[in-house]
1. Tell me, how many Å apart are the Cα centres for the range 175-249 and for the range 293-333?
2. In the chain, if the dipole is taken from +1 on Lys/Arg beta carbons and -1 on Asp/Glu beta carbons about the Cα centre, which of L128, P290, L69 is farthest to the positive end?
3. State the extension gain, in nm to one decimal, for the chain segment bounded by W459 and R471, taking 0.36 nm per residue of separation less the distance between their alpha-carbons.
4. Once label points are set 7 Å from the Cα along Cα→Cβ at both F292 and Q70, what is their separation, rounded to one decimal in nm?
5. Using a Förster distance of 60 Å, how high is the FRET efficiency between S170 and K341, based on the Cβ-Cβ distance and rounded to 0.05?
6. Between R414 and D242, how many nm apart are label points set 7 Å from Cα along the C-beta direction?
7. Kindly provide the chymotrypsin sites (Phe, Trp or Tyr not before Pro) of the range 84-114 that DSSP labels as loop, not H, G, I, E or B, and whose Cβ sees at most 12 other Cβ atoms within 10 Å.
8. Which three lengths, in whole Å and largest first, does the range 324-468 cover when its Cα atoms are put on their principal axes?
Amino acid sequence: MTSSNNAEQPTTTLRGELRKEIPQLFAPGFGLRHDAVADEAEQMEKKWGGARIDAQPRPDVFIVVKAALQAGTRGVEALPPRLLSYVPFAMLYGAHTGRGDADTVRAFLSRLHEAGRSAPRRLWPHYLLSLERDDAATNEIALWLKAYRDGLPTRLADFTEKYDALDPASTPGKMAREVLVGDGIETDFQAVGVGAERLHTAALLAEILGAIGSQLRSGVRPADAVRPVKAILPEQRKLAIDQTQAREPAKRRALGAFIEGLIAWQRRSDPDDAKPGAVLDLILELNEDPRFDAVRWNGIVPKPTTDIVEAWLTKHTIEAFFRVVNQLRIERTDMWAERRKFWMSYLPYVRRAWLIVGDQGVPFAKRERIRFGRFSGGANEGHCGLMLDFGDLRVLEMNMNGRAILWRPDDVARGEFPQVYDETPFDRRNFREPTVSRREHWENGCIGLVHNPPDGWQWKFADQIQQRSDRGIRPKGL
């Protein structure tokens, strides 16, 4: 029978002792309370129980580590042990030196035991933040960390279990679901020492956004997909995926999947496209306007999806024209209500729309958060125009008492008529005779129409559009 003196004693830890009730510390004379001691214990747990993120190497050290990675396995094998902890900075971020070479990655991992017992804990945050699911380095590091999983601090182990963080194929999807339900993924990251600023620049963010898009496309129906996504993005969201440390193929994949999925969710939620504004604003922040930055869309976002975005922008431009006109103090609201009703009836036939404003309209147009053109000569400060492109026929509607000009692009002199999406200021004096006749008949491939009679101009306009468009377009009721 073993003596009680020889019995195995429970392990005593400083953190555990600090968490115990210590009655004498409540004595006012000491000026201490147990709450303060417990807070100190909590801070220690955060410091030592979360992810350990090393300071970045000095430039001279970084150069040595990068050169070793460029040399492949032999370079890594020759690297001094004290520099091993800096390898992730050169491999997983920036130029990603050696990241795609599985042999180089394995050579690095085979030496990590030389970096000390804390090596798994120090590598874990690098792995998580740089995660790309189809990447050699990500998958090799995940396999290596699995062997040391039981030795991870509690917080890292709990996070790893919740998000299956050592399975790169499933981790982004689990995090995406957590984002969409709005259940505190930011708090989970903070608990392991990963703040918002680090997440905002992490390759992992691109993977999460791509996974969100895939889930939305497959039919996941959150009540709101925009608000929870904004919660994980930086406050300045412009080109947020571009700002991550992900490699270019991963960025493009994430961008395409996210935009396609978000639009699919919007169309299911709002099949009539009545209010796509919040989704459109977020998409334009992340990937710019497809009408001006086609290179960011072609081959990245499916064309049918891009077409939907451009259709939303066309509708928004038409509505923006009438809002700007309203801000410029119209005298007859009934007249502009008629014009809005008339031109909105042509929306299904409009391929592109373009807003052109005088100086007074500029601040109002900027509020619409779309790009627009400017008038130069031949227009006063309060003029505002809306150009509609029907393909083989174009129309420029004007505010005030300006005539609407209709023209066929293939039949008019080059350079005398405005172009869609052209931000070069347009001289409206080009619409004077002899280019555009004062009489309401076609000359030189164009015609100018006044809005008379007050109660019948719509049919006059509709007749001309139908007769001069190859498709013979005419909305029902006109």
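Derivation of every value follows stated rules applied to the coordinates shown; laboratory data play no part. It should be emphasised that the depicted structure is a prediction, and the values quoted were computed from it without experimental measurement. Here the Cβ is made from the backbone with ideal geometry for all residues, glycine too, and neighbour counts use every protein chain on show.
1. 27
2. P290
3. Additional length available on full extension: 2.6 nm.
4. 3.9
5. 0.70
6. The two pseudo-label positions are separated by 3.2 nm.
7. The qualifying sites: there are none.
8. That gives 36, 34, 28 Å along the principal axes, largest extent first.
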